[in-house]
Every structure is written in C-alpha cells, then in structure tokens.
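The values are calculated or read from the model by the stated rules, or taken from the named source; none is laboratory data. Keep in mind that this is a model prediction, so the values were computed, not measured. No Cβ is skipped: glycine too gets one built from the backbone with ideal geometry, and neighbour counts run over all protein chains shown.
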Amino acid sequence: MTWACVLYAVPAPVPGTTRRDGTGRQEKMTVVATYPDSTKTSLEQRLRARARERWPQIASLQIRHRGNFSYVDATLTDATTFKLCRLRYVGSASQWQFAIYRASHDDYDESVFFTGLPVGTCQDALDTACGLYLNDPTAWTQHPTNLRARPLSITPPLGGNPGRTGPTMPVPDQERPALSCSRAS
C-alpha cells in the first residue's frame with residue numbers, strides 16, 4: 001500500500017501585528033495536510049452504504065473534501081437538502097473526529113460520539129447526525145455485539161480442541177476475595 005500526503009502552505013494573518021512598512025498586516029505560514037484519494041473513496045462508500053442500510057429517508061449524500069475535513073450533506077426523498085456533519089481525518093480510514101452542523105449558528109461544533117469517545121467510525125457519525133436531524137434517537141443506542149447462542153465456557157479448552165473443556169478446580173473460600181460494604185455516615 002502506498003501512502004501519499006499533500007501539504008499546502010496557506011498564509012494566515014496574525015492578529016495585532018504590524019509589518020515594517022506600516023501596512024498593519026503580517027502573514028504566518030500554516031500547514032494543511034490532505035489525505036489519500038483511496039481514503040476519500042473508502043469514506044464515501046462507507047457513508048453511502050450506511051445511508052442505504054439505515055436511513056431510507058435519504059435519497060443521496062453529498063460529500064465534499066477540503067484539507068483534512070470531509071463535509072456531509074443529505075438530500076431527502078422529498079428533495080430537501082441539509083448539512084449533517086463534518087468529519088476530520090485523524091490518520092486512519094476507520095477512525096474520524098466528528099462535528100455536528102448547527103443550523104442555528106451556521107457552523108460545525110466539535111462533538112463526541114454516542115460512545116462518549118472523541119473518535120469513531122464515519123458510520124457512527126452519520127447515525128448521530130441523522131438521529132438528530134431526522135428525529136430518531138434509536139440511532140444513538142448501541143446494540144450488544146457479544147450475544148451468543150450458548151453460554152460462555154468457564155474453563156479453557158484442553159490441547160487447543162475448542163469442543164472440549166478441561167476440569168474445573170473449585171476455589172477455596174479462603175482464597176476468594178472478601179467483600180465488605182459499609183454505609184458512610
């Protein structure tokens with residue numbers, strides 16, 4: 001796999017500084033990194049697949065890339081278009097930072113995912129934004145992923161054979177940790 005990183009130097013004004021010629025403007029160079037086209041393609045595919053799978057109200061997604069940001073807009077089946085969120089590339093195609101679009105301020109506000117973490121999948125970001133704008137709070141519930149058809153085995157398998165378990169050894173009472181509870185007054 002080949003990685004490519006493009007760096008752009010963008011002049012940014014420094015407030016409160018003056019130039020020697022007295023014009024009152026001085027510039028500072030800021031570096032803006034972009035991410036690979038393959039990551040952009042992967043992001044678009046993941047978001048569109050999630051929209052088809054979970055959000056039937058969405059007719060299409062529009063995704064724009066600028067620097068290390070991707071902006072996600074949705075067009076509903078009734079032709080209404082609105083901004084959803086902004087994703088920030090943090091070095092991995094599977095992990096993104098997320099900012100929700102605030103129509104009341106016409107800006108993007110850094111947000112956390114429903115897991116409470118500052119980074120997550122692009123699909124979770126789409127679910128969070130759509131849950132808010134399409135009024136579906138079930139988008140924020142995380143379904144258990146560890147369900148099994150049978151109980152979990154308590155003992156490890158013998159000899160690497162997953163169908164056979166080893167003998168269990170009872171733990172004597174004196175080796176079990178004592179549990180004590182007291183009420184603070």
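Restricted to segment 99-124, and to residues there that are of a type in the set (A, V, I, L, M, F, W, C) and free of Cβ contacts under 8 Å to residues at least 40 places away in the same chain, the residue that is farthest from THR141 (Cα to Cα) is ALA103.
Tell me whether segment 44-56 contains one or more residues that are over 15 Å from CYS122 (Cα atoms) and exposed (fewer than 15 other Cβ atoms within 10 Å of the Cβ). Walk me through it before giving the result.
Looking only at segment 44-56, we keep the residues that are over 15 Å from CYS122 (Cα atoms), and these are 56.
Remaining after also requiring exposed (fewer than 15 other Cβ atoms within 10 Å of the Cβ): 56.
Within segment 44-56, one or more residues are over 15 Å from CYS122 (Cα atoms) and exposed (fewer than 15 other Cβ atoms within 10 Å of the Cβ).
Of the residues making up segment 52-90, just one is in a strand (DSSP E or B) and acidic (Asp, Glu), namely ASP73. Being of a type in the set (Gly, Ala, Ser) and either surrounded by 12 or more Cβ atoms within 10 Å (Cβ to Cβ) or closer than 14 Å to LYS40 by Cβ (or both) narrows it down to one of ALA79, ALA74, so name that one. Criteria check complete, one pass: ALA74. Is it the case, given these coordinates, that TYR35 is out of contact with any helix residue (DSSP H, G or I) (no Cβ under 7 Å at 6 or more places or on another chain) and at pLDDT 95 or above? Criteria not met by TYR35.
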